[in-house]
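Okay, so here's the structure we're looking at.
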Amino acid sequence: MKEIRINLRSIFFGVLTLVFFFSLPFVPESILAADNLISVNGSVVNGTDENSEDFVLTLSGKEKPKVILHVFNKEELIDTRSTVPDQSGSFIFENILSGEGLIYTLTTVYLGVQHSSPIRITDQSQLSNVLFKVYETTEEMDKLSFREASMLLMNLDRSKRAISVFETIKISNTGDLTFVPDLSGENPMNFIRFPLPSGAVNLDVQSDLTDARLVQVDSGFALVSPIPPGENSLNFTYVVFYENDQLDLSRKYREDLDIFRLLVSNDIESVNTDKMKDLGFTGIANRPYRLFSITNISEEENIDIVLSGLPQPTLFQRVKDFFGFHSLGLFTIALMAVSLCTVLILSLLGKLPYKNKPRPEFNVNISSSRTKLLETLVALDDRFELGETNLEEYSAARSKFKNQILRKWLENERQ
């Protein structure tokens, strides 16, 4: 018998070759092509002191920022690199993948604040000389304000007496310092608050702020994230319920507001907006909305918004909700079952013997006129139709009446 020797080293490299070979179709072409490797370079500057020529003097003794590069292919992270800027604030990432659809995100942390700047590549020049700003911080709120706020009453569900609301607010930081709220508890008013109607549920908040964080407060929610210089948006949706045909959505903002807009759908008959101007109708997603507006709202100034003439649930919807049938299919099946039972019970009652009921007397004086006998016969038919007598009694009585009518007719003929 021939001896077979197994070389483990050969097997290992053979398996490795197979894995590499079969995995090639799943690796993006941009990774396989060496020609698609590029460099990403730029500099980190202190946006609070942009006129400073010495990056080291501006940031020395405080914190050296660390720059991190993330490369995404659609939603999948395919590469991560990090580096520390040199003395002049310059940084470079070499041998970085490039290709159509790739997204590059530069991130750094300076003074406890995370700064992020997503860059979507359209040509390679966008990845050269990237200017990346970081800012000094402050706890003062005097440079913060709301540029504009809008409230859109989107969908109205009359069966639940519920309104879906969309709000958007543009936050402006006109200074050159990043506002960082004090979360130590020593100053509980040191963050931006956003009002919500009483009983609002299903709150969903979206923001273009990096690492946006929220906390619940008595009259709504508060933003406890750093706010860098410039403008940032905050969008949020929620559902609010009404008990009768009115709903009060009045509010106060704790910051100055340049302009507030209210958009109301046709489902709402009347809107009391006090100081707001009615600007007529506008279209959003092929739906008409009435547009109201007010400008130059000062801090803590009340904005009156009272809705009236709100639609109520139909009787069918109320009965469905009363019995707890949240599914229309289940309610329909239950209604059909009740109807069937009712018909069945009535049918059984119609076939029960009438032992306890007094039987109608059908004795009629023979001397009665033929007209009277005919009327009595009709009354007998009606009683049978109403179920007041069974078939046997009805047939016997009707035969008797017919004989009486016939006899009366013969007597009249003889006369």
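Here, each number is a calculation from the coordinates, and none is a lab measurement. Computed from a prediction, not measured in an experiment: that's the story for all the values here. Virtual Cβ from ideal backbone geometry, glycine too; neighbours counted across all protein chains shown.
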Inset, instruction - Report ³J(HN,Hα) in whole Hz for each residue of region 297-308, in order, from the Karplus equation J = 6.51 cos²θ - 1.76 cosθ + 1.60 where θ = phi - 60°; Gly and Pro get x. - result: 8, 7, 4, 6, 6, 7, 10, 7, 9, 10, 8, 9
Legend entry - Computed FRET value (nearest 0.05) for ASP182 with LYS252, which takes r as the C-beta separation and R₀ as 30 Å: 0.85
Inset, instruction - Collect residues whose amide H, placed 1.01 Å from N in the peptide plane, falls under 5 Å from the amide H of THR137; neighbours closer than 5 in sequence don't count. - result: THR178
Legend entry - Sequence-distant residues sharing a close amide H with LYS66 (under 5 Å, placed H): VAL109
Inset, instruction - Pop out the ³J(HN,Hα) list for region 81-88 in order, Karplus 6.51 cos²θ - 1.76 cosθ + 1.60 with θ = phi - 60°, rounded to Hz; leave Gly and Pro as x. - result: 9, 9, 7, 10, x, 7, 4, 8
Legend entry - Over region 266-306, relative contact order from alpha-carbon pairs under 8 Å, at least 6 apart, %: 46 percent
Legend entry - Cβ crowding within 10 Å averaged over residues, with 267-273, 224-230 ranked highest first: 224-230, 267-273
Legend entry - Relative contact order (percent, whole number), region 119-257, Cα cutoff 8 Å, 6+ residue spacing: 29 percent
Legend entry - Integer Hz, Karplus 6.51/-1.76/1.60 couplings in order for region 277-290, x for Gly and Pro: 8, 8, 9, x, 9, 9, x, 9, 6, 6, 10, x, 9, 7
Legend entry - Radius 13 Å from Cβ of LEU310, net charge of other residues (Lys, Arg +1; Asp, Glu -1): -3
Inset, instruction - Go through 195-201, 294-300 and give me the packing order, highest mean Cβ count within 10 Å leading. - result: 195-201, 294-300
